[in-house]
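Here is the structure we will look at.
The values are calculated or read from the model by the stated rules, or taken from the named source; none is laboratory data. Bear in mind the structure is a predicted one, so any value in this text is a computation, not a measurement. No Cβ is skipped: glycine too gets one built from the backbone with ideal geometry, and neighbour counts run over all protein chains shown. Only protein heavy atoms, including side chains, enter the accessible area calculation; ligands, DNA and RNA are left aside. Shrake-Rupley method; radii C 1.70, N 1.55, O 1.52, S 1.80 Å.
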Amino acid sequence: MEESILSTIGHTPLVRLTRVLPDSPFSLFAKLEGFNPGGSAKDRPALHILQEAMRTGAIKPSTVVIESSSGNLGIGLAQACRYLGLRFICVVDPKTTVQNIRILRAYGAEIDLVSKPDPVTGEFLHARINRVRTLLQTIEDSVWTNQYANLSNAEAHYRTTMDEIATELDGRVDCLFVATGTCGTLRGCAEYVRDHHLSTRIFAVDAHGSVIFGGKPAKRLIPGHGSARRPELYRADLADECLRVTDLDCVVGCRRLVQTEAILAGGSSGGVLTAVEQVKHRIPRGATCVAIFHDRGERYLDTVYSDEWVAEHFGDIAHLWRGQPELEPCVMATSHISGRDNRSSSHA
């Protein structure tokens, strides 16, 4: 029995993928972060950031928590703040989905909408951060959790995400594929690999149009990875290699995942799968690879999983995932599962 909903954060399943890349000579596992109670990997840093700030006295019962987020971290903070009794303001922009705003409000978050992009950069992210700074000046006893620069973001993934992966695979992780946004997951995992002397090659998965690893900003349709500004948590030595994926890659990858593995994953997960495919010819035979799938797909039903939305933005591309080989019927032995710890030992 768990103490609270927040105590269920972490210990997400690590599941072997056997169908989506059937001829690969290496093992591929997916870390399913959508099993966190708020639906994404962002639950981990949301809780850890708040706990650390409360421990140091930066957050008190009267403190107003403020963050810029278009989705997952905002939801993670909203859930944690609801349980902890903290007032939370989430600064969003018009690209934030109606569903995410409804979830935020259901948790009691106050929505502060930035309606126009930053006049200098033309980006909503910069406008949201400017709005956060204004709120900090006008609201007494307020704190910005600042997912882009807060070391507690990376520390959460160091202590939990990568530790869980390494522990379950006995330290043998040859390749790790991580979608990048704030660089919290990437930095936490990379520093764990370095400190524990693992021989893991880390692939950062970034979006075309993102500036994290250089390049010019461009319009992106699918949230969850990439950024219009380089986050303060970024360091040049975090990844061995950066792999870039398009919005189309994300759509096709997600559709293939659900068709072959019955995994309904969020948009960036499709991009991570595509990144694995980009380098699969370079992965040694017998290697153990892990792809982190940051969230689940229910929040993308109106976009990635909508045939109408896909056709509007990309045309008739269903053949790119419907052309998968027919799957053989699968008969599996099942067992009764009880207790939280069994969730993370689901190598199927």
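Give the total of Lys-Lys pairs in the chain with Cα-Cα distances below 30 Å; include a pair only if its members are 8 or more places apart or on different chains.
Value for the chain: 17.
Once both axes come from the Cα atoms, what is the angle between helix 267-279 and the longest principal axis of the chain, in degrees from 0 to 90, rounded to 10?
40 degrees
Would you calculate the separation in nanometres between label points at HIS208 and ALA236, each defined as 7 Å from the Cα along the Cα-to-beta-carbon direction?
Rounded to a tenth, the inter-label distance reads 2.7 nm.
Where a ≥ b ≥ c are the square roots of the eigenvalues of the C-alpha gyration tensor, would you call the stretch 267-315 rounded, which needs a/c under 1.5, or, failing that, prolate if a/b is larger than b/c, or oblate?
oblate
Sorted by accessible area (1.4 Å probe), largest first, how do ASP43, ASP163, ASP112 line up?
Of ASP43, ASP163, ASP112, the descending order of accessible area is ASP163, ASP112, ASP43.
How much mean residue ellipticity at 222 nm does the chain get from its helices, if each DSSP H run of length 4 or more adds -39500 (n - 2.57) and you divide by all residues, to the nearest 500 deg cm²/dmol?
After summing the helix terms and dividing by the residues of the chain, the value is -10000 deg cm²/dmol.
Taking the alpha-carbon centroid of each part, what is the distance from the stretch 44-105 to the stretch 205-261 in angstrom?
Result: 24 Å between the Cα centres.
Which percent of the accessible heavy-atom area of the stretch 107-168 goes to carbon and sulfur, probe 1.4 angstrom?
So the carbon and sulfur contribution to the accessible surface is 51 percent.
7 Å from Cα along Cα→Cβ at both LYS116 and ASP163: what's the point-to-point distance in nm?
For LYS116 paired with ASP163, the spin-label model returns 4.7 nm.
Please list, in order, the residues from the stretch 253-278 whose amide nitrogen is less than 19 Å from a point placed 7 Å along the Cα→Cβ vector of ALA311.
Hits in the stretch 253-278 for ALA311 at 19 Å: 255-256.
How big is the dipole moment of the chain about its Cα centre under a simple scheme where the beta carbon of each Lys and Arg is +1, that of each Asp and Glu is -1, and everything else is neutral? Debye, nearest 20, please.
About 420 debye.
Between rounded, prolate and oblate, where does the stretch 30-112 land on the alpha carbon gyration tensor, with a ≥ b ≥ c its root eigenvalues, rounded for a/c under 1.5, else prolate if a/b exceeds b/c?
Because a/c hits 1.5 or more and a/b fails to exceed b/c, the stretch 30-112 counts as oblate.
Between the helical axis of 184-195 and the dominant principal axis of the chain, each derived from Cα atoms, what acute angle in degrees is found, rounded to the nearest 10?
70 degrees
Let me know the longest stretch in the chain that avoids all trypsin sites (Lys or Arg not before Pro) found in a DSSP loop with at most 11 other C-beta atoms within 10 Å.
Longest stretch, sites excluded: 1-218.
If I ignore ligands, DNA and RNA and count only protein heavy atoms, how much of LEU320 is accessible to a 1.4 Å probe, in Å² to the nearest 10?
Approximately 70 Å² of LEU320 is accessible to the 1.4 Å probe.
Relative contact order for the chain: what is it in percent, counting Cα pairs under 8 Å that are at least 6 residues apart?
The value is 20 percent.
Can you tell me the FRET efficiency between LYS219 and GLN137 if r is taken as the Cβ-Cβ distance and R0 is 30 Å, rounded to the nearest 0.05?
0.45
Relative contact order, percent, of the stretch 12-54 when contacts are C-alpha pairs under 8 Å separated by at least 6 residues?
Computed over the stretch 12-54, the figure is 33 percent.
Would you work out if the stretch 1-50 is rounded, prolate or oblate? Take a ≥ b ≥ c from the square roots of the eigenvalues of the alpha-carbon gyration tensor; rounded if a/c is under 1.5, else prolate when a/b is larger than b/c, oblate otherwise.
Prolate is the answer for the stretch 1-50, as a/c is 1.5 or above and a/b outweighs b/c.
Can you tell me how much longer the chain between LEU301 and SER199 gets when fully stretched, taken as 0.36 nm per residue apart minus their C-alpha distance, in nm with one decimal?
Residue separation times 0.36 nm, minus the Cα-Cα distance, leaves 32.9 nm.
If you stretched the chain out fully between ARG322 and SER4, how much longer would it get, using 0.36 nm times the residue separation minus the C-alpha to C-alpha distance?
Difference between extended and current length: 110.3 nm.
Given the protein chains as shown and a 1.4 Å probe, how many square angstrom of GLU52 are accessible, to the nearest 10?
40 Å²
Residues of the stretch 29-135: accessible area per residue at 1.4 Å, in Å²?
40 Å²
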